[in-house]
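J.: This structure is in structure tokens; I'll ask about it shortly.
The values are calculated or read from the model by the stated rules, or taken from the named source; none is laboratory data. What you see is a predicted model, and the numbers here were worked out from it, not measured in a lab. Cβ placement follows ideal geometry from the backbone for every residue including glycine, while neighbour counts extend to all protein chains displayed. In case anyone asks, the SASA skips ligands and DNA or RNA and just uses the protein heavy atoms, side chains included. Shrake-Rupley method; radii C 1.70, N 1.55, O 1.52, S 1.80 Å.
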Amino acid sequence: RAQIVRDAETLQLRLGRFGYKAAQPRLSHQIAHAFNSDMGVTTSIFPALDGEEITKTRKPELADADLAHLTRYVATLGVSARRDFADAEVQRGEQLFGEANCTACHTPKLTTSPHHPFAELRGQNIQPFTDLLLHDMGEGLADNLSEHAASGSEWRTAPLWSIGLTAGVSGGEAWLHDGRARTLEEAILWHGG
């Protein structure tokens, strides 16, 4: 199901798309929220730290221009090209992925909005392997923490693009949002919803 959240800037209700529980509607909000909750850095979007009252006199620690630069950088990071797609083992894996109905949540293909703020990202066919929706993943993956309307056992479908490069990029394998699965097979077996 969709996670509907209030936009911190416009106060309008919007589709949540970013974060483990789809709690942020815009990439800039996800970045600002990470700065705030993970690093204790304020922005004009989140001007107070958790537990603090918003004061009109506090100047944001991260300027809007810097947040805009970070947002553009993250939004335009390239995704690795699909590799070995003609290989028989890769094709068999794709077939099994479909037969197991993994594609019901890990949607292979999406098209970006024609109204994206960055012209170079408008109307692009992408293969993120996510539907960006919340799914109840069962008690085994529950953290018992809600976020907006998402329950403790609901998680946004994680994108799987470039997943085959995880070990090389990260220097090892740790799967799922919290790294509890040591292998991709374990990550699949944790799916309980």
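J.: Quick one: which helices (runs of 4 or more DSSP H) sit completely within the range 1-104 and have at least 2 residues that are β-branched (Val, Ile, Thr) and surrounded by 10 or more Cβ atoms within 10 Å (Cβ to Cβ)?
T.: 64-75
J.: Here is a further query. Only one of these is touching a Ser or Thr at 6+ places or on another chain (Cβ under 9 Å) and under 27 Å from residue 94 (Cβ atoms): 176, 110. Name it.
T.: On the way: 176 fails: touching a Ser or Thr at 6+ places or on another chain (Cβ under 9 Å).
Of the residues listed, the single one that is touching a Ser or Thr at 6+ places or on another chain (Cβ under 9 Å) and under 27 Å from residue 94 (Cβ atoms) is 110.
J.: If residue 132 satisfies all but one of (1) in contact with a Ser or Thr (Cβ under 7 Å, 6 or more places away or on another chain); (2) without any contact (Cβ under 8 Å) to a residue 40 or more places away in the chain, what's the number of the condition it fails?
T.: (2)
To keep it simple, each residue is scored yes or no on (1) of a type in the set (Asp, Glu); (2) part of a strand (DSSP E or B); (3) open to solvent by 70 Å² or more (accessible area, probe 1.4 Å).
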position: 113; (1), (2), (3): no, no, no
position: 117; (1), (2), (3): no, no, yes
position: 130; (1), (2), (3): no, no, no
position: 143; (1), (2), (3): yes, no, no
position: 173; (1), (2), (3): yes, no, yes
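J.: Next question. Which pairs do you get when a residue that is more than 26 Å from residue 1 (Cβ to Cβ), found in the range 92-121, comes within reach of a residue that is aromatic (Phe, Trp, Tyr) and at pLDDT 95 or above, reach meaning Cβ atoms under 6 angstrom, with the pair 6+ apart or on two chains?
T.: Correct list of pairs: empty, since none qualify.
J.: Looking at the range 119-128, which of the residues that are in a loop (DSSP other than H, G, I, E, B) and of a type outside the set (Gly, Ala, Ser) is most open to solvent (accessible area, probe 1.4 Å)?
T.: Ranking the qualifying residues of the range 119-128, first place goes to 122.
J.: Let me ask you something else. Do we have residue 184 as in contact (Cβ under 8 Å) with a residue 12 or more places away in the chain and open to solvent by 50 Å² or more (accessible area, probe 1.4 Å) here? Even if it seems obvious, please write down each step before you answer.
T.: Numbers: in contact (Cβ under 8 Å) with a residue 12 or more places away in the chain: yes; open to solvent by 50 Å² or more (accessible area, probe 1.4 Å): yes.
Yes.
J.: Right, residue 150: surrounded by 14 or more Cβ atoms within 10 Å (Cβ to Cβ), hydrophobic (A, V, I, L, M, F, W, C), modelled with pLDDT of 95 or more and farther than 21 Å from residue 186 by Cα or not?
T.: Details: surrounded by 14 or more Cβ atoms within 10 Å (Cβ to Cβ): yes; hydrophobic (A, V, I, L, M, F, W, C): yes; modelled with pLDDT of 95 or more: yes; farther than 21 Å from residue 186 by Cα: yes.
Yes: the conditions hold for residue 150.
J.: Please verify whether residue 138 is of a type outside the set (A, V, I, L, M, F, W, C), modelled with pLDDT of 90 or more and at positive phi, treating the condition exactly as stated.
T.: Numbers: of a type outside the set (A, V, I, L, M, F, W, C): yes; modelled with pLDDT of 90 or more: yes; at positive phi: yes.
In short, yes.
J.: Still on this structure, I have one more. Are there any pairs, at least 6 apart or on different chains, whose C-beta atoms fall under 9 Å, with the first in the range 52-80 and closer than 20 Å to residue 116 by Cα and the second exposed (fewer than 13 other Cβ atoms within 10 Å of the Cβ), and if so, which?
T.: 72/118; 75/118; 76/118; 76/120
J.: Further question on the same structure: Does residue 157 fit the bill of being in contact (Cβ under 8 Å) with a residue 12 or more places away in the chain, surrounded by fewer than 11 Cβ atoms within 10 Å (Cβ to Cβ), under 30 Å from residue 69 (Cα atoms) and touching a strand residue (DSSP E or B) at 6+ places or on another chain (Cβ under 9 Å)?
T.: no
J.: How many residues are among the basic types (Lys, Arg) and either within 25 Å of residue 58 (Cα to Cα) or out of contact with any strand residue (DSSP E or B) (no Cβ under 6 Å at 6 or more places or on another chain) (or both) if we restrict to the range 1-41?
T.: Let us first name the residues in the range 1-41 that are among the basic types (Lys, Arg), namely 1, 6, 14, 17, 21, 26.
Those still in the list that are either within 25 Å of residue 58 (Cα to Cα) or out of contact with any strand residue (DSSP E or B) (no Cβ under 6 Å at 6 or more places or on another chain) (or both) too: 6, 14, 17, 26.
Looking only at that region, the number is 4.
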